[in-house]
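S.K.: Let me give you the structure first, and then I'll get to my questions.
Only the coordinates and a few stated rules stand behind these numbers; no lab work does. Treat the numbers as computed from the prediction; the structure is a model and nothing was measured. All Cβ positions, glycine included, derive from the backbone under ideal geometry; neighbour counts span all protein chains shown.
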Amino acid sequence: MPSSPNAFRLFGFPVRVGAGFWMFLVLIAALNSSEEHGLGLSGAITFAALIAVLTLIHELGHALAARATGARAEITLAFMAGYASFVPTRHLSRAERIGISFAGPAIQIAVGGLVYFAVGGPFEWPIRHLTPVQFGALWAGPIMGAFNLIPILPFDGGSIMEQVIGTVLPRHARRVMTWFTLLVSGGGLVYIALHPHLRWLIIFALIPLVSALQIMTAGRTQQTKAQGQEAMARAEALAWGAGDLSRFGRDLVPSPWFRAAQQLDQGRPDIARQVLLDDFTDTAGTSWWPPDAAPARTLEALVALLPDPLPHGRSFSDFVLSGVLLRLGDYDRAAHYASAAYNNGQPAMLAVHVARAAEALGDRSTALAWLRTAARTAPQDALRTAVQTAPEFDLLRADPDLDAAFSG
């Protein structure tokens with residue numbers, strides 16, 4: 001479920017509490033409120049409260065460990081789960097990632113154990129005759145923390161195991177863990193189905209099973225998207241290089257820049273201008289690639305057809321035009337155009353274009369400021385790739401302040 005706006009800050013970390021988290025706590029209290037089979041109403045409320053507090057402490061452990069590496073972190077509490085998402089400001093070693101994953105359950109076990117013994121919990125086996133507070137502290141602390149260390153996804157133990165496998169199979173660790181999780185959780189469901197008295201545990205087998213299926217689906221979606229982008233880029237390059245339009249099919253079309261260039265070649269500048277202008281007002285999804293393979297002289301002739309001030313519209317079209325201006329070396333106009341386009345919708349990659357223009361104009365401080373702006377919303381991998389591939393950043397890449405800019 002979508003999380004609420006920031007409810008509060010804890011040790012400097014934004015903490016978002018989703019409606020699903022409150023629903024989960026109410027469900028926990030309701031399921032354990034029976035006097036005959038549960039903890040009673042007051043005991044159930046205490047149990048739910050301890051789960052809430054120790055879940056937050058668990059995620060705080062992740063966030064503090066991430067901050068120790070220089071990463072930015074925030075906490076989200078959702079239905080049946082908490083998340084401490086973090087954005088690294090540098091490459092993290094596998095040991096550091098293991099430490100971040102381990103910190104959550106470790107502090108949950110430690111704090112829960114301290115509370116358990118502080119309220120008089122017995123140190124014996126088998127454990128029985130617990131008060132509601134003792135029961136809640138034991139389950140919400142050591143038991144749930146230890147359960148989270150089971151080496152399957154999406155639990156912290158699975159993340160730790162993935163990093164360990166990655167030392168041997170770095171490119172296949174996620175796939176190995178996904179299939180391992182499917183096998184273990186699937187086997188667990190079969191075992192539970194064959195033992196009726198264990199059916200109350202079914203949710204604990206469904207969580208990793210659903211997570212593994214989601215990971216597989218997301219992986220296929222990402223792969224399909226990447227393949228589609230490669231096909232668009234290849235088709236656009238062939239169109240500019242050899243006039244070959246055979247790679248365009250039902251789902252791919254030449255860019256409006258290529259279509260405008262065709263009209264310009266045929267002596268129809270007014271139609272070429274209208275093709276470009278229509279693209280800025282088009283509200284349909286884009287199924288074309290930027291004119292990266294176009295000759296610079298052609299792009300210059302097409303930009304000259306556009307009115308002054310330059311048009312703005314959907315973010316992708318603005319992004320492409322600002323990229324064309326950068327390629328033509330029109331850095332001052334690119335900076336002003338991209339910054340105005342960013343203010344219209346705040347897409348991160350337009351902020352990168354402003355940074356590229358500023359760096360080319362010799363304004364390092366402005367370039368770093370716009371990279372910090374981009375880092376607030378851009379995926380770190382995409383942002384680092386953009387900085388590594390943009391020619392304007394050749395000197396900036398050696399600047400020690402660049403890593404600080406990635407932290408936003």
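S.K.: Sort 94-100, 225-231 by packing, meaning the average of other beta carbons within 10 Å per residue, with the highest value first.
M.R.: Numbers: 94-100: 18.4, 225-231: 11.6.
Ranking the peptides 94-100, 225-231 by packing returns 94-100, 225-231.
S.K.: Go through 286-295, 183-192, 241-250 and give me the packing order, highest mean Cβ count within 10 Å leading.
M.R.: Values: 286-295: 18.3, 183-192: 15.3, 241-250: 11.3.
Packing order, densest peptide first, comes out as 286-295, 183-192, 241-250.
S.K.: Continuing with this model, one more query. What is the ratio of the Cα radius of gyration of region 8-149 to 2.2 N^0.38 Å, where N is its residue count, to two decimals?
M.R.: Details: Rg = 16.3 Å, N = 142, 2.2 N^0.38 = 14.5 Å.
Normalised by 2.2 N^0.38 Å, the Cα Rg of region 8-149 equals 1.13.
S.K.: What is the Cα centroid distance between region 309-341 and region 39-95, reported in whole angstrom?
M.R.: For region 309-341 versus region 39-95, the Cα centre distance is 41 Å.
S.K.: Also: Among Thr167, Thr89, Thr131, which comes first, then next, by fewest other beta-carbon atoms within 10 Å?
M.R.: Lowest to highest Cβ neighbour count: Thr167, Thr131, Thr89.
S.K.: Among Ala235, Ala341, Ala390, whose mean-square fluctuation peaks in a Gaussian network model of the chain (Cα, cutoff 10 Å)?
M.R.: Ala390
S.K.: Give me the net charge for the shell around Ala294: Cβ to Cβ below 13 angstrom, other residues only, Lys and Arg +1, Asp and Glu -1.
M.R.: Values: positive: Arg259, Arg297, Arg327; negative: Glu236, Asp265, Asp292, Glu300.
Computed value for this residue: -1.
S.K.: In whole Å, largest first, what are the principal axis extents of the Cα atoms in region 229-386?
M.R.: The Cα atoms of region 229-386 stretch 45, 32, 27 Å along the principal axes, largest first.
S.K.: Please report the relative contact order for region 169-248, taking Cα pairs under 8 Å with a sequence separation of at least 6, and give it as a percent rounded to a whole number.
M.R.: 24 percent
S.K.: For Met232, Met80, what's the fewest-to-most ordering of other Cβ within 10 Å of each Cβ?
M.R.: Met80, Met232
S.K.: Sticking with this structure for a sec: How high is the relative contact order of the chain, in percent, with contacts defined as C-alpha pairs under 8 Å that are six or more residues apart? All intermediate terms of the calculation are to be shown ahead of the outcome.
M.R.: Details: 564 pairs, mean separation 35.9, N = 408.
Result for the chain is 9 percent.
S.K.: Net charge within 15 Å of Ala84 by Cβ-Cβ distance, Lys/Arg positive one each and Asp/Glu negative one each, not counting Ala84 itself? Display every interim value, and only then the final one.
M.R.: Numbers: positive: Arg9, Arg16, Arg67, Arg72, Arg97; negative: Glu59, Glu74, Glu96, Asp156.
Charge balance in the 15 Å sphere: +1.
S.K.: Then there is this: Send over the semi-axes of region 169-248's equivalent ellipsoid, whole angstrom and largest first, taken as the square roots of 5 times the C-alpha gyration tensor eigenvalues.
M.R.: 45, 12, 7
S.K.: In whole Å, how far is the Cα centre of region 245-271 from that of region 364-408?
M.R.: After rounding, the separation between the Cα centres reads 34 Å.
S.K.: Just to be sure I understand: if I project the alpha-carbon convex hull of the chain onto a plane and average over all orientations, what area do I get in nm²? Let's see the in-between values first.
M.R.: Details: hull surface 101.6 nm².
For the Cα atoms of the chain, the hull's average projected area reads 25.4 nm².
S.K.: Report, in whole Å, the centroid distance computed from the Cα atoms of region 173-211 and region 15-36.
M.R.: So the separation of the two Cα centres works out to 23 Å.
S.K.: When the chain is modelled as a GNM with alpha-carbon springs shorter than 10 Å, which of Thr178, Thr55, Thr224 fluctuates the most?
M.R.: Among Thr178, Thr55, Thr224, the largest GNM mean-square fluctuation belongs to Thr224.
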